[in-house]
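To start, the structure under review is shown below, and the notes come after it.
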Amino acid sequence: MTTETRQKLILVVDDEPDVITYLTTLLEDNGYATDSAVNGTEAMAKLRQLKPDLITLDISIPEKSGVRVYREMKEDPDLAHIPVLVITAVTGYGGKPEVFEQFLSSRKHIPPPEGFIDKPLEDREGLLRKIADLLA
């Protein structure tokens, strides 16, 4: 690996400033470049502009829900390849993340998200491993 390798860019989408600060700091401290968005409209604009290597996506965000952002992304040929790590307290359906993941991909042509982590974010090392795996 050379020192000229471009940093992987991660777009952090969350409406909670503390979560954005935590994630961007953690990611930058571990060698990633970051940008952030606080709502679905801003997220879609930054996705189209920046074409990040990965997106962390909260489900409960204003303007466009995370579900809508996810579905729009996966329906757009220019964005569909970007891995999505859903980070949310909304696990829905009895607190079972796998059921919520199935809901996200309930349209035939939309795949489930590449990763799912529920809040609160307690396993920092697990989060970093998951991100590294998705970017490998």
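In table form, for the structure just shown:
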read-out	value
At R0 = 22 Å, FRET efficiency that the Cβ-Cβ distance of GLN7 and ILE110 yields, to 0.05	0.15
Label-to-label distance, nm, for residues given as ALA132 and ASP78 (7 Å Cα→Cβ offset)	3.3
Flagged links, alpha-carbon separation over 20 Å, of LYS8/LYS130; LYS46/LYS119; LYS51/LYS74; LYS46/LYS74; LYS64/LYS130	LYS46/LYS119; LYS64/LYS130
Three-way shape label, segment 1-88, alpha-carbon gyration tensor, a/c 1.5	oblate
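Laboratory data are not the source of any read-out in this text; all were calculated from the coordinates shown. Keep in mind that this is a model prediction, so the values were computed, not measured. Here the Cβ is made from the backbone with ideal geometry for all residues, glycine too, and neighbour counts use every protein chain on show.
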